Amino acid sequence: KGSVLKNYKLGDDVSLYVAYTCLAVKLTAGHTLCIAPTRDSILYTLKLGEYHTADPAKRMIISALLSVSALVVALFIPSLQLLFGFLGGLCGSLLGFVFPALFALKSPGWADECSKWDRIGAWTLVVIGVIVFILGTVASIYESVVS
């Protein structure tokens, strides 16, 4: 249980040094590749402009905040199992229930033509999505605490 890398002692084995180095390069590159589109999405959402037109100071602040939040999560969440359980509950409920219902409610064509029961059904999906998120989060935390 835990990290596979803890099962190996570096010692004199060159192949393990190469593996650790490759893993460090992979994690560094993966972090950078994830931060850039997230930063751009935040810039668009906050209407701060596109990457090339936004103020460089704002771009750097957003990137720094994302990096610091990733570091805090990495330091304080004890296992990947807990993190994936939380993210599964969050993303599964949002992508499966909440977002489709909210998109339908905000769609100009559908919202104008739908009946009262359609709106009730959409709001029911939102409520179910929130409940699924709460239950998924509680279940993942409980499982990590018990095991």
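Name the single residue that is nearest to the chain's Cα centre (by Cα) among those in region 1-49 being charged (D, E, K, R) and closer than 23 Å to residue 69 by Cβ. Full working, then the answer.
Step one: of region 1-49, the residues charged (D, E, K, R) are 1, 6, 9, 12-13, 26, 39-40, 47.
This time we only want the ones that are closer than 23 Å to residue 69 by Cβ, so: 26, 39-40, 47.
Working: 26: 19, 39: 13, 40: 15, 47: 21 Å.
Filtering first and then ranking leaves 39.
Can you pull out the residues in region 1-55 that are in a loop (DSSP other than H, G, I, E, B), modelled with pLDDT of 85 or more, surrounded by 11 or more Cβ atoms within 10 Å (Cβ to Cβ) and of a type in the set (D, E, K, R)?
The answer is 55, and nothing else.
With the requirement that a residue be closer than 30 Å to residue 49 by Cβ and surrounded by 13 or more Cβ atoms within 10 Å (Cβ to Cβ), what does region 62-78 give you?
Within region 62-78, 62, 63, 66, 67, 70 meet the criteria.
So residue 81 passes all but one of these: (1) among the polar types (S, T, N, Q); (2) open to solvent by less than 90 Å² (accessible area, probe 1.4 Å); (3) more than 24 Å from residue 134 (Cβ to Cβ). Which condition number does it fail?
Failed condition: (3).
Working carefully through the options 94, 102, 135, 125, find the one that is surrounded by 12 or more Cβ atoms within 10 Å (Cβ to Cβ) and within 16 Å of the chain's Cα centre (by Cα). Give the steps one after another, and end with the answer.
Working: 102 fails: within 16 Å of the chain's Cα centre (by Cα); 135 fails: within 16 Å of the chain's Cα centre (by Cα); 125 fails: within 16 Å of the chain's Cα centre (by Cα).
Residue meeting the stated conditions: 94.
Determine if region 124-147 includes at least one residue that is assigned to a helix (DSSP H, G or I), within 22 Å of residue 34 (Cα to Cα) and among the polar types (S, T, N, Q).
No, that holds for no residue.
The values are calculated or read from the model by the stated rules, or taken from the named source; none is laboratory data. Owing to the predicted nature of the structure, the values given are computational and were not obtained by experimental measurement. Quick reminder, even Gly has a Cβ in these numbers, built from the backbone with ideal geometry, and neighbours come from all protein chains shown. These accessible areas exclude ligands, DNA and RNA; they are computed on the full protein's heavy atoms, side chains included. Shrake-Rupley method; radii C 1.70, N 1.55, O 1.52, S 1.80 Å.
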